Amino acid sequence: MFDAIKNPCLVPFNGDFQLSEASTLVQAGTDKKGYKKRLGKLVEELDDQQRRLYASDKFSLLLVFQAMDAAGKDSTIRAVMSGVDPAGCQVFSFKQPSAEELDHDFLWRTAKSLPQRGRIGIFNRSYYEEVLVVRVHPEYLRGQKLPFNVKLDELWQQRYESIRDNEKHLARNGTVILKFWLNVSRDEQRKRFLSRLDDQSKNWKFSAGDIDESALWDDYMNAYEQALNATSRPWAPWYAIPADDKPYARLQVAETIVETLKSLNLQFPKVSKRQLEDIDKMRELLEKPL
């Protein structure tokens with residue numbers, strides 16, 4: 001299994017992560033032009049690494065994005081993956097589960113969408129909703145038809161264990177997992193909500209339910225802290241990305257992905273001597289005048 005790229009955003013594996021110490025904004029007066037230029041170079045590198053990933057056909061890459069509303073998941077995914085061949089990348093968004101999904105275990109609906117070898121899969125929200133939204137709203141459990149009566153504290157621990165075991169299984173079989181929590185402050189979320197109201201082209205993004213969920217901010221922060229501590233592991237690390245500054249957040253996500261892929265030392269398949277001889281013959285045929 002691969003070694004997690006270590007940077008200041010990496011959530012430690014020992015359960016010592018404290019959300020109160022996790023920054024949402026790294027510095028004031030950010031160099032947006034510099035960030036944009038650096039991001040452009042990283043997007044080019046990611047395109048090269050994705051082609052190597054596809055050609056080597058040994059690993060897959062799973063990117064998991066979780067965040068509060070208006071943290072910038074969609075725009076971050078769009079900006080970072082803008083130069084990647086769409087044929088080698090798939091994005092799945094997981095919202096309220098369907099009746100069919102509720103008739104399976106909580107990992108089933110995401111398992112169907114895992115990337116095959118050589119491809120990048122992106123989960124915009126994921127199975128982590130089951131220890132985040134459902135933890136904040138335990139009434140949702142009534143629709144899940146759980147077979148055993150388990151105390152809530154024990155249920156969350158069981159789900160953390162299932163997630164850890166599943167991610168370790170995937171990692172052992174070649175799925176490289178990177179998980180990004182876009183850490184936006186409550187004040188910045190409020191500003192972005194107001195922006196959605198002020199800009200008619202963004203009105204469709206706003207829902208009254210967003211305000212209701214924001215009122216449960218402290219409950220969500222506790223759920224995130226518990227989940228990140230329980231499931232950040234070397235084979236499936238969490239990165240707590242400061243997200244009040246969108247250009248900075250996108251840069252951090254892109255750098256982590258590119259450096260992780262580089263660490264795999266992906267190579268294009270080597271051509272055999274016989275294949276080289278066949279290539280020379282084909283060149284001779286193609287170079288003959290028609």
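Read-outs throughout are calculated quantities, based only on the coordinates presented, and are distinct from any laboratory measurement. Since the structure is predicted, the reported quantities are computational estimates derived from the model, not experimental observations. Using ideal geometry, Cβ is built from the backbone for each residue, glycine included, and neighbour counts are taken over all protein chains shown.
Would it be correct to say that residue 17 is touching an Asp or Glu at 6+ places or on another chain (Cβ under 7 Å), surrounded by 13 or more Cβ atoms within 10 Å (Cβ to Cβ) and either on the phi < 0 side of the Ramachandran plot or part of a strand (DSSP E or B) (or both)? Considered against the rule, which asks whether it is touching an Asp or Glu at 6+ places or on another chain (Cβ under 7 Å), surrounded by 13 or more Cβ atoms within 10 Å (Cβ to Cβ) and either on the phi < 0 side of the Ramachandran plot or part of a strand (DSSP E or B) (or both), residue 17 comes out as yes. Being in contact with a strand residue (DSSP E or B) (Cβ under 7 Å, 6 or more places away or on another chain) and under 23 Å from residue 123 (Cβ atoms) is a property that does not hold for residue 42. Residues in region 253-275 that are surrounded by fewer than 20 Cβ atoms within 10 Å (Cβ to Cβ) and polar (S, T, N, Q) were compared, and the one that is nearest to residue 31 (Cα to Cα) is 263.
Give 33, 58 a once-over and let me know the one that is in contact (Cβ under 8 Å) with a residue 40 or more places away in the chain and on the phi < 0 side of the Ramachandran plot. 58 is the lone residue from the list that is in contact (Cβ under 8 Å) with a residue 40 or more places away in the chain and on the phi < 0 side of the Ramachandran plot.
Only residues that are touching an Asp or Glu at 6+ places or on another chain (Cβ under 9 Å) and part of a loop (DSSP other than H, G, I, E, B) were counted across region 227-244, and they come to 4. Could you tell me whether residue 43 is buried (at least 16 other Cβ atoms within 10 Å of the Cβ), under 19 Å from residue 259 (Cα atoms), β-branched (Val, Ile, Thr) and more than 15 Å from the chain's Cα centre (by Cα)? So residue 43 passes the test.
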